[in-house]
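Notes to accompany the following structure.
The values are calculated or read from the model by the stated rules, or taken from the named source; none is laboratory data. Please read these numbers as outputs of a predicted model, since none were measured by experiment. Note: ideal-geometry Cβ built from the backbone for every residue, glycine included; neighbour counts use all protein chains shown. Accessible surface is based on the protein model in full, side chains and every heavy atom, while ligands, DNA and RNA are left aside. Shrake-Rupley method; radii C 1.70, N 1.55, O 1.52, S 1.80 Å.
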Amino acid sequence: MSLSSRHLLGLSGVPKEDLQLILDTARTFREVLERPIKKVPTLQGKTVVNLFYENSTRTRISFELAQKRLSADTVNFSTSTSSAKKGETFKDTVRNIEAMKVDMIVVRHQSAGVPQYLTKISKANIINAGDGLHEHPTQGLLDMYSIHERLGKLEGLKVCIVGDIAHSRVALSNIYGLKTMGAQVSVCGPSTMIPLGIESLGIKVYHKIDDAIKENDVLNVIRIQLERDAGRRIPSLREYHNYFGVTTERIEKFNKDIVILHPGPINRGVELSSEVADGPYQVILDQVTNGVAVRMAVLYLLGTMHS
Ligand code: CP
């Protein structure tokens, strides 16, 4: 079994068989992470560069750990300490890195489309670790893995993505991936944070958090992205919390077992109360653990493909 593409640029258009293969493979690697020696020789001799042009805690560390767990040689690039600061172009940077004989590039960039561009200028396998407002496919995959781990299925589940959908690459990857796997996907947020015409993707839109809690099995709560100007779309963070914040009181009003995801980093007291962020409904740190297994699966499946 192998994937139908040698790159992972997004979850849009990725066939169900590929998503299933990644999730099944991740399950095997999740078991490796429980062993005393959390390492397999699968990518011995392969070299991976983590090219991060934008800040990250979870994704960068998770990819690096996944590469080490697979015995790949791994190198980290960050703009703040690179010759990009001296004016070197992105293309020259990539061509110089490639001249050092790398097999795979994991890229995070503030501009949408950079991973796609890399496939044109590099021979390496490219993995998108988040590009602008476009996609964050490994986050979408680890979210699906975590939902399946808690509820035992994806098909037929009702999943609502709550928050700043307009600025969220996580939302788009979730929408594409979950729909392909047969879930019923919706979004919830103030109209200023819901892109016009999003219903054309086949999803329902809620503007009341109580309705979203009442009608869904899972809420994937997305961060209010203040660094991307989200603050201009709402009167205040307190107002946002009052109308859309997920609180224990709101959940318990409906007396149901809902699963709460959050990709992190959390704005505590804004999109989630601290009680929910640390409470029994959430699977937030499971998502982080599962992220290593999912990224191991993606690296393994791409790194062992025959060209
Ligand atoms: N979820 C996520 O992408 O987090 P980081 O920005 O810390 O990588």
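At a glance:
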| read-out | value |
| --- | --- |
| Sulfur and carbon atoms: percent of accessible area, the chain [1.4 Å] | 50 percent |
| Beta bridges per DSSP with both ends in region 137-287, % antiparallel, nearest 5 | 0 percent |
| DSSP bridge pairs, region 32-154: antiparallel proportion in percent, nearest 5 | 5 percent |
| Percentage relative contact order, the chain, counting C-alpha pairs under 8 Å, at least six apart | 21 percent |
| Cα-centre dipole for region 1-105 with unit charges at Cβ (Lys and Arg positive, Asp and Glu negative), debye to 20 | 240 debye |
| Out-of-range pairs (alpha-carbon distance over 20 Å; input LYS46/LYS101; LYS120/LYS179; LYS38/LYS68; LYS68/LYS120; LYS16/LYS38; LYS158/LYS208) | LYS120/LYS179; LYS68/LYS120; LYS16/LYS38 |
| Net +/- balance of residues flanking GLN139 in space, Cβ distance below 13 Å, scoring K and R +1, D and E -1 | +3 |
| DSSP-loop GluC sites (Glu not before Pro) across region 120-177, with at most 12 other Cβ within 10 angstrom | GLU155 |
| Over the chain: helical MRE at 222 nm, DSSP H runs n ≥ 4 each giving -39500 (n - 2.57), nearest 500 | -11500 deg cm²/dmol |
| DSSP H segments from the chain that extend 18 Å or more along their own axis, Cα-based, with Kyte-Doolittle mean of 0.5 or above | 284-303 |
| Protein-only accessible surface order, largest first, of GLU252, GLU98 at 1.4 Å | GLU252, GLU98 |
| Three-way shape label, region 107-253, alpha-carbon gyration tensor, a/c 1.5 | oblate |
| ASP92-SER5 FRET efficiency (beta carbon distance; Förster radius 25 Å; 0.05 resolution) | 0.40 |
| For region 44-159, accessible area per residue (1.4 Å probe, heavy atoms of protein chains only), Å² | 45 Å² |
| Accessible area, probe 1.4 Å, largest first, for residues GLU239, GLU271 | GLU239, GLU271 |
| Rel. contact order, % - alpha carbon contacts under 8 angstrom, at least six apart, region 137-287 | 24 percent |
| THR81 accessible area, 1.4 Å probe, all protein chains in place, Å² to nearest 10 | 120 Å² |
| Charge dipole of the chain about the Cα centre (unit charges at C-beta), most positive-ward option of PRO235, PHE77, THR93 | THR93 |
| 12 Å beta-carbon shell around LEU118, net charge (K/R +1, D/E -1) | +3 |
| Nearest-10 value in Å² for the accessible area of ASP73, using the 1.4 Å probe | 90 Å² |
| ARG238/GLN20 FRET efficiency (R0 45 Å; Cβ-Cβ; nearest 0.05) | 0.60 |
| Shape of the chain, Cα gyration tensor, a/c cut at 1.5 | prolate |
| Candidate residues LYS123, LYS91: accessible-area rank, largest first, probe 1.4 Å | LYS123, LYS91 |
| Of GLY182, VAL218, VAL259, farthest towards positive along the dipole that unit charges on Lys, Arg, Asp, Glu beta carbons give region 137-287 | GLY182 |
| Rounded to 5, the percent of DSSP beta bridges in the chain classed as antiparallel | 5 percent |
